[in-house]
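The structure under discussion appears below in the form of structure tokens.
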Amino acid sequence: MKFTSISQSNIDELCIAFESCLTKHDITFKYVDMTEDNGIISFIFCDEPENARSVDMESERFIGLDTDYIAKEILEPILPKLKEFAQYKIID
């Protein structure tokens, strides 16, 4: 799906794409969410709420791009850290 605007439905679809990208790499979390505040999108992930982490990004640069492409471009460079956090609940 194309990220056509900063709307809740597009943010929901982007969150699904992020979660799917993680799953393809055998990374899962009990809780994932995506929020937007003043043009900044935050992808939040954790197994325990007190240990939540997030990846923040500027939303306007994604308009017109495919959600799966966005997820791949944002998450693939940090997959080792995400996998470590999923396994050991620690990120340096």
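Exactly which trypsin sites (Lys or Arg not before Pro) in the stretch 1-46 are in a DSSP loop and have at most 12 other Cβ atoms within 10 Å? Spell out each step's value before the answer.
Numbers: sites: 2, 24, 30; in loops: 30.
Of the trypsin sites (Lys or Arg not before Pro), the ones in loops of the stretch 1-46 whose Cβ has at most 12 other Cβ atoms within 10 Å are 30.
Would you list which aspartates and glutamates come within 12 Å of residue 72, measuring only between C-alpha atoms, while excluding same-chain residues fewer than 8 positions from it?
Here the aspartates and glutamates satisfying the reach criterion relative to residue 72 are 19.
Which residue fluctuates the most in the chain, going by a Gaussian network model with Cα springs under 10 Å, if the choices are 52, 71, 17?
Answer for the Gaussian network model of the chain: 52.
In degrees, nearest 10, range 0 to 90: what is the angle between the Cα axis of helix 8-24 and the longest Cα principal axis of the chain?
Roughly 40 degrees, rounded to the nearest 10.
Net charge within 11 Å of residue 82 by Cβ-Cβ distance, Lys/Arg positive one each and Asp/Glu negative one each, not counting residue 82 itself?
Net of charged neighbours comes to 0.
Where a Cα-Cα gap under 15 Å defines reach, which aspartates and glutamates qualify for residue 24, not counting those fewer than 8 residues away within the same chain?
68, 73, 76
Find the accessible area per residue for the chain; the probe is 1.4 Å, ligands and nucleic acids are left out, and the unit is Å².
Numbers: 5530 Å² over 92 residues.
About 60 Å² of surface per residue is accessible.
Express the relative contact order of the chain as a whole percentage, based on alpha carbon pairs under 8 Å and six or more residues apart in sequence.
Relative contact order, the chain: 32 percent.
Heavy atoms only, probe 1.4 Å: what % of the accessible area of the chain goes to carbon and sulfur, would you let me know?
49
What does the C-alpha gyration tensor say about the overall shape of the stretch 1-58? Classify as rounded when a/c is under 1.5, otherwise prolate if a/b is larger than b/c, or oblate.
The shape class here is oblate.
By how many degrees, 0 to 90 and rounded to 10, does the Cα axis of helix 79-88 deviate from the longest principal axis of the chain?
So the inclination is approximately 40 degrees.
The values are calculated or read from the model by the stated rules, or taken from the named source; none is laboratory data. None of the values given here were measured: they were computed from a predicted structure. Virtual Cβ from ideal backbone geometry, glycine too; neighbours counted across all protein chains shown. Accessible surface areas use protein heavy atoms only, side chains included; no ligands, DNA or RNA. Shrake-Rupley method; radii C 1.70, N 1.55, O 1.52, S 1.80 Å.
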